[in-house]
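Peer 1: Could you have a look at this structure, given as structure tokens, before my questions?
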Amino acid sequence: MRTVLLLFLFCSVASTLFSQCASNATSTADEDIFNVTFGTLNNSSTCGTTGGAGSSLNLYSNYTGVSAPNVAQCASVAFSVQIGTCGGNYSNAVAIFIDWNADLDWADAGETVYVSAASTSGPHTETGFINIPAGASLGNKRMRVVNVETGTPSSITACGTYTWGETEDYLINVTSGGALTYTSCTTTQIISGLVPKCASNRQIIGVQVVMGAGCSANLTQFQLGAGASTNLVTDVSRIRIYYTGTSNMFATTNEFVIGGTIPVGAANTINGSQGLVSGTNYFWIAYDMNPAALTGNLIDGSCTQLTIAAVNRIPTTTNPAGNGTISLCQGPGGVSTGLETWLRADIGVTGVTPITAWTNQQTSGTAVIVNGSPNLNNTATSYNYNPYVDFIAPVGTLANGLAANRQFLRFSGYTGISALNFTTLFYAFQLTDLTRVDTHIGTVDGITYSAGPANGTLHGFNFGGSAAIHTSGYDLDFGAGSPANTWQRNGINIAHDANHSSTKHILSANCQTGGNTGLNTLLGGQIDDGSLTFLGHFRDWRGPVAEIIGFSTAITATERQRIDSYIATKYGITLTANYLSTSGSTIFTTAAPYNNNIIGIGRDDAEAMTQKQSHNNDDLVRIYLNSLAATNAANAGSFASDISYVMTGATTGSMCATAASNAEMP
């Protein structure tokens, strides 16, 4: 009865004395706080000592009478909390709370200043640093240190009772941090090489501002120049400035002027406000390019002056050496608008056996992570002298019957049912094992029988005993009932549940009007558990993959035809529709009888293609520049002009030594 009476008395007195909520243990046993340091504060206690008025031995200690340490706004203050025991040793954790705005609670943002990362069994000491906010009000502030016997540190609160542990209250004195002192600033070059004229947020220069001790200072103005730019006003649609604090990693999350600034000339004054911190502050000058920019023009930037705390500062370097050159907006078929994913086996692949990375050639697109150990084949000629990535697994099973050595591609940052939306997809590939009837070309890894994303996934399917491309029940946007032009193989309409082909081909899926589908993996990747093994037929891809292309916005029928033409010319695949260049001009008319075994060579800069040698799939006919080489990349020939093609088709009739046949020339 005495213990209960003392507890009620303590709660009442604590609330009256300190005008803040009470916090205390209800058992005197086990862990207690033995020492707290914070700046110049250093207070020790034992199982037999306690604080001032309102304290209760081993439950709560009031140390607000201890001299408060002076801590300046914006300072980083070291602390330590030593935990001892007055009984047994159990898992315990620490939390620290500071009432920065002196409103008599610890409920405001930022007032939980420390929580143990994990629980620790028995006596130990926890250390770290606490940053004093620039906006903390001046004067004495209450700091509460709470130790609780718990396995969940995040459950510790500033108020209320708990069974084992101790709470200690202190005062700290927040003093003015004063103005930050200016140290230096400079400009560094970022841009070099080619800059596509469709690029957004393309980094040009960096500006670093170094500030010394103190608390606050604002940068309110940039004066930016054109550097070596040929024509900044016509080639750039917007100048953007981003701030990343003391991080030297570019990011677009904190813009100096929301929405950017339209350039008015070679010199541009841009006003805004950004608070600075002690140390090196990183700013980034980026451009949104004008799609009408002139290719070949130079692009650059400079920083001639900054205004910091109402004082104009001249960077040590205002116009660093270097520049970029404006280039075409490259994309398959010359289509760059909405291009999200562009994977090419002839560029951006790291490693060979196995590959470890496959770089998205759309620089603003989402990065791709390689799972498993697919191999790069850069010696075979079957893909028209171009390399391909060979997905050879899964091979065998684990003890539980699930797939071993799984190989697929995952979009970085997307797991479960989170997904990227696509409207159109193109694959240059082949499935070498049609008995694996549930192979996927893309999916959402977290989809199951009972739950999944609203618009589903591009599933594999068992159709007539062989692997099929899709089941309409999972994704209506890619065609229940197979409306015309939704699914195509080599440019020819196919059903949504058509069997996969075991030969090299182009497979494309084009969403119906206004639709899109969410994917977070390509070539398989769905969760593999006991209910989804599908009689041992695993869902990951097996076979060569030369190219994968995905758009997040709708493309036109002509753009689709141009992309088909690009893939077909590059990999030696015959189409039924006419072949188009990136400019839309016809480079081969597929009229009978010369509409078989169509191959060609060509250069088309807008799609980054230089195909210098080509051959029929049976290798009886070859066409090439210079001298035939082992691979397309090894061919030393070159085209003098952009959009240059030589194409040939065949009747597939016999070539006999007659006067008529001898007169034929490609």
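The values are calculated or read from the model by the stated rules, or taken from the named source; none is laboratory data. These numbers come from a predicted model, not from an experiment. Backbone-built Cβ (ideal geometry, glycine too); neighbour counts: all protein chains shown. These area figures cover heavy atoms from the full protein model, side chains too; ligands, DNA and RNA do not enter into them. Shrake-Rupley method; radii C 1.70, N 1.55, O 1.52, S 1.80 Å.
Peer 1: Enter the accessible area of K197 (Å², nearest 10), with the probe set to 1.4 Å and all protein chains included.
Peer 2: Its heavy atoms expose roughly 50 Å² to the probe.
Peer 1: Moving to a separate point now. Divide by every residue of the chain the summed helix terms, -39500 (n - 2.57) for each DSSP H run of at least 4, and state the resulting mean residue ellipticity at 222 nm, rounded to the nearest 500 deg cm²/dmol.
Peer 2: Working: 4 runs with 40 residues, N = 666.
After summing the helix terms and dividing by residue count, I get -2000 deg cm²/dmol.
Peer 1: Ranked highest first by the average count of other Cβ atoms within 10 Å around their residues, in what order do 352-361, 274-283 fall?
Peer 2: Numbers: 352-361: 16.1, 274-283: 19.3.
Packing order, densest peptide first, comes out as 274-283, 352-361.
Peer 1: Protein chains only, probe 1.4 Å: how do I599, I347 rank by accessible area, largest first?
Peer 2: Sorted by accessible area, descending: I347, I599.
Peer 1: Kindly sort R202, R144 by accessible area of their heavy atoms, largest first, with the probe set to 1.4 Å.
Peer 2: R202, R144
Peer 1: Work from the charge dipole of the chain (Cβ charges, +1 for Lys and Arg, -1 for Asp and Glu, about the Cα centre) and give the residue of F256, G84, V195 farthest towards its positive end.
Peer 2: Positive-most Cα among the choices belongs to V195.
Peer 1: Which value, in Å to one decimal place, does the Kirkwood hydrodynamic radius take for segment 74-141 when every pair of different Cα atoms is included?
Peer 2: 13.6 Å
Peer 1: Something else about it: Put E547, E559 in order of accessible area, largest first, 1.4 Å probe: what do you get?
Peer 2: So, going from the largest accessible area down, we get E559, E547.
Peer 1: Give, in whole angstrom and from largest to smallest, the semi-axes √(5λ) of the equivalent ellipsoid of the chain, with λ running over the eigenvalues of the Cα gyration tensor.
Peer 2: Listed largest to smallest, the semi-axes of the chain are 64, 36, 19 Å.
Peer 1: Among residues other than F426 whose Cβ falls under 9 Å from its Cβ, what is the net charge (Lys/Arg +1, Asp/Glu -1)? Present the calculation step by step, with values, prior to reporting the outcome.
Peer 2: Working: positive: R560; negative: E547, D564.
Value of the local net charge: -1.
Peer 1: In terms of Cα to Cα distance under 27 Å, which lysines are near enough to K570, apart from those fewer than 8 places away along the same chain?
Peer 2: Once the sequence-local lysines are set aside, what remains near K570 is K197, K504, K612.
Peer 1: Kindly express, to the nearest 10 degrees and within the range 0 to 90, the angle between helix 557-571's C-alpha long axis and the longest C-alpha principal axis of the chain.
Peer 2: Its long axis makes an angle of about 80 degrees.
Peer 1: How tilted is helix 2-18 with respect to the longest principal axis of the chain? Cα atoms for both, answer in degrees (0 to 90, nearest 10).
Peer 2: With rounding to tens, the tilt is 80 degrees.
Peer 1: Rolling a 1.4 Å sphere over the protein heavy atoms, what is the accessible area per residue of the chain, to the nearest Å²?
Peer 2: Per-residue accessible area for the chain comes out at 41 Å².
Peer 1: Follow-up. With charges set only on the Cβ (+1 for Lys and Arg, -1 for Asp and Glu), what does the dipole of the chain come to about its Cα centre, in debye to the nearest 20? Let's see the in-between values first.
Peer 2: Values: 23 positive and 39 negative charges, 225 e Å.
Dipole about the Cα centre, nearest 20: 1080 debye.
Peer 1: Measure off, as a whole percent, the carbon and sulfur share of the 1.4 Å-probe accessible area of the chain, all protein chains present.
Peer 2: Values: 14700 of 27410 Å².
Its accessible area is 54 percent carbon and sulfur atoms.
Peer 1: I've got another one for you. Give me the percent relative contact order of segment 266-371, please, defined on Cα pairs under 8 angstrom at least 6 residues apart.
Peer 2: 16 percent
Peer 1: May I ask you to derive the relative contact order of the chain, considering only C-alpha pairs under 8 Å and at least 6 residues apart, and to give it as an integer percent? Write down the numbers at each step before the final one.
Peer 2: Values: 1796 pairs, mean separation 63.1, N = 666.
Dividing the mean separation by the residue count of the chain yields 9 percent.
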